[in-house]
Amino acid sequence: MSQFITISPQKALKLMEEYPEISILDIRPYDDFKKEHIPGAENLDYDGHQFQQKVKKLDKNKKYIIYCKSGVRGGYFMEKMKESGFKWAFNILGGFMAWKVSKLPLMSMSKI
């Protein structure tokens, strides 16, 4: 059974805690990712010229949490994943902005 839904930032955090193997994809530009991102996230720049090649390398059977800046591109990307045969993807409602407003954990490249 596959699942593709948009979830609240709080639900996303709960999924991350319950499933440490879940992959978190930040599809914002790398410069935004570098400033701040969700801990454990991997940057997959939606506008980057290597985007399609990077997506092809992803494991279609893994669970993914996706986020962009506001949630719009994340929703679009989640639909593309569904069409491409992925099994599980969750888009964060409101994207990174909602995560940050909710005062959930953040990380910056300077802290790595």
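The values are calculated or read from the model by the stated rules, or taken from the named source; none is laboratory data. If you're wondering where the values come from, they're calculated on a predicted model, not measured in any experiment. Every residue, glycine as well, gets a Cβ built from its backbone with ideal geometry; the counts of neighbours run over all protein chains shown.
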Quick one: is PHE90 at pLDDT 95 or above and touching a Cys at 6+ places or on another chain (Cβ under 8 Å)?
no
Does MET81 fit the bill of being part of a helix (DSSP H, G or I) and in contact with a strand residue (DSSP E or B) (Cβ under 8 Å, 6 or more places away or on another chain)?
yes
In the stretch 61-105, residues that are in contact (Cβ under 8 Å) with a residue 60 or more places away in the chain, surrounded by fewer than 21 Cβ atoms within 10 Å (Cβ to Cβ) and polar (S, T, N, Q) total 1
Against the definition (among the β-branched types (Val, Ile, Thr), surrounded by fewer than 17 Cβ atoms within 10 Å (Cβ to Cβ), in contact (Cβ under 8 Å) with a residue 60 or more places away in the chain and on the phi < 0 side of the Ramachandran plot), how does ILE38 come out, yes or no?
no
I'd like the full set of residues that are closer than 17 Å to PRO105 by Cα and either touching a helix residue (DSSP H, G or I) at 6+ places or on another chain (Cβ under 8 Å) or among the polar types (S, T, N, Q) (or both), limited to the stretch 34-56.
LYS34, LYS35, GLU36, HIS37, ILE38, GLY40, ALA41, ASN43
All positions within the stretch 41-64 that are under 15 Å from SER2 (Cβ atoms), assigned to a strand (DSSP E or B) and of a type outside the set (Ser, Thr, Tyr):
LYS63
Selection from the stretch 8-32 of residues that are closer than 19 Å to LEU58 by Cα and either of a type outside the set (Gly, Ala, Ser) or without any contact (Cβ under 8 Å) to a residue 12 or more places away in the chain (or both)
MET16, TYR19, PRO20, GLU21, ILE22, ILE24, LEU25, ASP26, ILE27, ARG28, PRO29, TYR30
Complete set of residues in the stretch 1-40 that are part of a helix (DSSP H, G or I) and polar (S, T, N, Q):
GLN10
So, in the stretch 39-67, how many residues would count as being in contact with a Pro (Cβ under 6 Å, 6 or more places away or on another chain) and hydroxyl-bearing (Ser, Thr, Tyr)?
0
